[in-house]
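J.: Starting off with a structure, shown below.
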Amino acid sequence: MAKKANTETKIIETGEELIQERGINGFSFADIANIVGIRKASIHYYFPTKTDLVKSVLEHYINHFFTALDNRCRHLRSLEEVLTAYTEQFKSSLQENNQVCLCSMLSMESFSLDDELQQEINTFFNKNVWWLQNKLEEFHIPEEQASTMANHLFVVVQGVQLITQSSRDISYFDSIVSKEIHSIISL
């Protein structure tokens, strides 16, 4: 049973990497089979269709994202530290593998996704804004202002990822994000 779960996890993790690197239309089950070292038919055992795989990848990514984010922020005491930790969550994938957020990559190919996947991506985006808004409110920023700030910071982070990925210049990410965080904490 452990081998089965391990194989399934490897398929999901490889699918996540390939989507973040190439997009949903830039890889096949054969690519995953070659990387994982299994037969293509074995992938169909776990995921009959590419959509089934993407749904599992998305679920895995979202769970890991928010668990990691909460762990990063668990002992932070200032708003600046929390917002920096939040943006570092996105920066780490850019820095390590030049990859943008999985949901950002998937949203650029929404024409290839069914309604359920599109809804899951939107839920991820909304959960990010909600998470940011709650953190801002914890630091005594009024709800309406916190909502505007959370939406703005999220949009900036999403956009700066794309430009940073294209330019391969992480200093661009740092520059834009630090200005945004400074503008929030200086209010």
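The values are calculated or read from the model by the stated rules, or taken from the named source; none is laboratory data. Keep in mind that this is a model prediction, so the values were computed, not measured. Reconstructed Cβ throughout: ideal geometry from the backbone, glycine too, with neighbour counts over all protein chains shown.
J.: Looking at T49, T14, which one is of a type in the set (S, T, N, Q), more than 20 Å from Q161 (Cβ to Cβ) and in contact (Cβ under 8 Å) with a residue 12 or more places away in the chain?
T.: Residue meeting the stated conditions: T14.
Residues checked against (1) surrounded by 15 or more Cβ atoms within 10 Å (Cβ to Cβ); (2) within 20 Å of the chain's Cα centre (by Cα); (3) closer than 12 Å to T87 by Cα:
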residue	(1), (2), (3)
E116	no, yes, no
N122	no, yes, no
K127	no, yes, no
L132	yes, yes, yes
K135	yes, yes, no
H140	no, no, no
T148	no, no, no
H152	yes, yes, no
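J.: Has segment 58-71 got any residue that is in contact (Cβ under 8 Å) with a residue 24 or more places away in the chain, buried (at least 18 other Cβ atoms within 10 Å of the Cβ) and more than 23 Å from Q119 (Cβ to Cβ)?
T.: There is no residue in segment 58-71 that is in contact (Cβ under 8 Å) with a residue 24 or more places away in the chain, buried (at least 18 other Cβ atoms within 10 Å of the Cβ) and more than 23 Å from Q119 (Cβ to Cβ).
J.: Does E144 count as loosely packed, with under 14 Cβ neighbours inside 10 Å, of a type in the set (D, E) and in a helix (DSSP H, G or I)?
T.: So E144 passes the test.
Yes/no per residue for (1) at pLDDT below 95; (2) closer than 29 Å to D169 by Cβ:
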| position | (1), (2) |
| --- | --- |
| I11 | no, no |
| I24 | yes, yes |
| A30 | no, no |
| Y61 | no, yes |
| T67 | no, no |
| V82 | no, yes |
| T87 | no, yes |
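J.: Of all residues in segment 101-128, how many are assigned to a helix (DSSP H, G or I), more than 18 Å from N63 (Cβ to Cβ) and either of a type in the set (V, I, T) or in contact with a helix residue (DSSP H, G or I) (Cβ under 6 Å, 6 or more places away or on another chain) (or both)?
T.: Result for segment 101-128: 4.
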